[in-house]
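Step one of this worksheet: look at the structure below.
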Amino acid sequence: MPEPASVKNHSSVNFTRRYIIVTTTISSVLVLLVFWVFNQHSVRLIQEQVVHEARAFFQEIVQTRQWIISNHGVYLKRPPSP
């Protein structure tokens, strides 16, 4: 016995609705995944930059101290007192 037209329309609407929900869900998950990966990459790059700057600053301090030691301290020239 053939199905009535209303049953075919109802089944078609259910399929379309399910298709839209599944497609939207998959698309949303993919977009969220891309943003999460981008965020993780950005955090890692920022952390690497902070470490790089801290090491450079530390080396600057070490070199300044070595220069002071090699020059027997830091001397200031004072103008003669009146």
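Some notes on this structure:
- Plainly put, the chain has a radius of gyration that is 1.74 times its Kirkwood radius, both from alpha-carbon atoms, as the Rg/Rh ratio.
- Among Val13, Asn71, Val31 - extreme Cα towards positive end, dipole of the chain, charges at beta-carbon: Asn71
Any read-out appearing in this document is the output of simple, stated calculations on the displayed coordinates, not a laboratory observation. A quick note: this is a predicted structure, and the numbers were derived from the prediction, not measured. Here the Cβ is made from the backbone with ideal geometry for all residues, glycine too, and neighbour counts use every protein chain on show.
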